[in-house]
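*Asks:* Next up is a structure, given as structure tokens.
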Amino acid sequence: MSLFFVKKGSETPSGLTVRTLSSCYFMSDNFKKSVPKICTSPIETILCLDHKQSMYCQLLTGLLQRDHVVSISSIFGSVLARSIKFLQDHWNELCSNIRTGCLSDWITDPGCRNAVSSILTRPNPELADTIEHIYGNESWEGIIKKLWPKAKYINSVITGTMSQYISLLDFYGGGIPLVSPSCYGSLESTFGINLNPLSNPYDISYTFLPNMAYFDQWSSEMTNANGNVEPVDFANVKLGQFYEVIVTTFTDLYRYRVGEVLNLSNDGILLSIDMDKTSEADLLKAIGNAKRHLEPLGFVLMTFSSYAESSSIPGRYVLFWELKFKERNRCLKLDAKIMEQCCSIVEESLDFRYKSLREANKIAALELKVVKHGTFDAFMDFYVSKRAELRKL
């Protein structure tokens, strides 16, 4: 069961259509021919530009074929997290469709209706009862494994900023292994492969393939005698430094700056204020420690974001958390004291430099803001509606 989506292309002044790499691939003849062999989602549901209708139909066809699903995938871990939220909001309706054998009236896309109707061919009250019983549990821990019991692994990008969803997918996955895709690439080039796909999700790394393109690396710390920044050959990179990838390809790109910033120790800079640079790995570890404080209280951290607030002096780091209870029917009531303890745990878990700057009052106290349930989904939907091209680094 692969949850794939396409975005509407935009047009350049000269009339050329511009689309994301994934959309181009999903619209290709090769993919259309392979979908019936590898996917529970009919191609019509994948190509539907209404993402709500697309998500509903893909989940419905996945449930109808639950006994045949051996893996679950999406391009990014955030998509799987959104699909769980979508299931929570629509499970009653999905069960009703399966029970009656009729698709909801609000699914108006002709391609989706025709494709789903070829799979939803009759009422299936037995399957509806089974799924309804699974959904009816107080806790949704392990819900993915319960709904698709033959699934052997979950395949999605869970590196970089997507690593914040690892614990969430572990919780809902019920022990199903998380696998990051075997290939690391972009529109410009294929960069590398994951040689150890079953490694710990927090330890995933990719090995570059020098035969796919010629790779230079650009680093602000690599300067020539005149003080100008120069690219460094891939063979001369150093562990622990940060590099932006520059590619020269067989398709006429010459020293093209891709925009991907990598680190040979896999600790990309996430937050930076003045003299402090907090790595992505350090922040994830700190938040992980705070999450362990919340878990016994029944809280689940659904997703989070962060930024460096530098408009005031001294600056500070701000975290945005979206929380929910493990039990579906409990109302979220926050205790200010517990949230203060979480802030303290995060700060205590950060490195010596951060603590030193805090003691010297060169960085203000960490600020933690808990947002309304569904805020991150609403934020994403807003930008999708504006057809913004969101690049995940």
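The values are calculated or read from the model by the stated rules, or taken from the named source; none is laboratory data. This structure is a prediction, so every number in the text was calculated from the model and none was measured. Here the Cβ is made from the backbone with ideal geometry for all residues, glycine too, and neighbour counts use every protein chain on show. Each accessible area value is taken on the protein alone, full model and side chains, heavy atoms only, with ligands, DNA and RNA left out. Shrake-Rupley method; radii C 1.70, N 1.55, O 1.52, S 1.80 Å.
*Asks:* Whether any residue in the range 28-50 is touching a strand residue (DSSP E or B) at 6+ places or on another chain (Cβ under 6 Å) and part of a helix (DSSP H, G or I) is what I want to check.
*Replies:* No; the residues of the range 28-50 include none that is touching a strand residue (DSSP E or B) at 6+ places or on another chain (Cβ under 6 Å) and part of a helix (DSSP H, G or I).
*Asks:* Mind checking which pairs have a first residue in the range 49-60 that is touching a residue at least 60 places away in the same chain (Cβ under 8 Å) and a second that is aliphatic (A, V, I, L, M) and part of a helix (DSSP H, G or I), Cβ under 6 Å, 6 or more apart or different chains?
*Replies:* As it stands, the answer is 60/94, since those pairs meet every condition given.
*Asks:* Filter the range 135-175 down to the residues that are closer than 24 Å to residue 61 by Cα and part of a helix (DSSP H, G or I) and list them by number.
*Replies:* Hits for the range 135-175 are 135, 143, 144, 145, 146, 147, 168, 169, 170, 171, 172, 173.
*Asks:* Collect the residues in the range 136-155 that are surrounded by fewer than 18 Cβ atoms within 10 Å (Cβ to Cβ) and touching a Leu at 6+ places or on another chain (Cβ under 9 Å), keeping them in residue-number order.
*Replies:* 153
*Asks:* When only residues in the range 168-198 that are surrounded by fewer than 19 Cβ atoms within 10 Å (Cβ to Cβ) and among the hydroxyl-bearing types (Ser, Thr, Tyr) count, which is modelled with the lowest pLDDT?
*Replies:* The qualifying residue modelled with the lowest pLDDT is 186.
*Asks:* Just one of the numbered conditions (1) among the hydroxyl-bearing types (Ser, Thr, Tyr); (2) under 27 Å from residue 378 (Cβ atoms); (3) free of Cβ contacts under 8 Å to residues at least 40 places away in the same chain is not true of residue 135; which one?
*Replies:* All conditions are met except number (3).
*Asks:* Kindly indicate whether any position in the range 64-85 is open to solvent by 30 Å² or more (accessible area, probe 1.4 Å), over 30 Å from residue 19 (Cα atoms) and part of a loop (DSSP other than H, G, I, E, B).
*Replies:* The answer is yes, given that some residue of the range 64-85 is open to solvent by 30 Å² or more (accessible area, probe 1.4 Å), over 30 Å from residue 19 (Cα atoms) and part of a loop (DSSP other than H, G, I, E, B).
*Asks:* So, one more: Take the range 1-27 and flag every residue that is assigned to a helix (DSSP H, G or I) and at pLDDT 90 or above.
*Replies:* 26 - this is the single residue of the range 1-27 that is assigned to a helix (DSSP H, G or I) and at pLDDT 90 or above.
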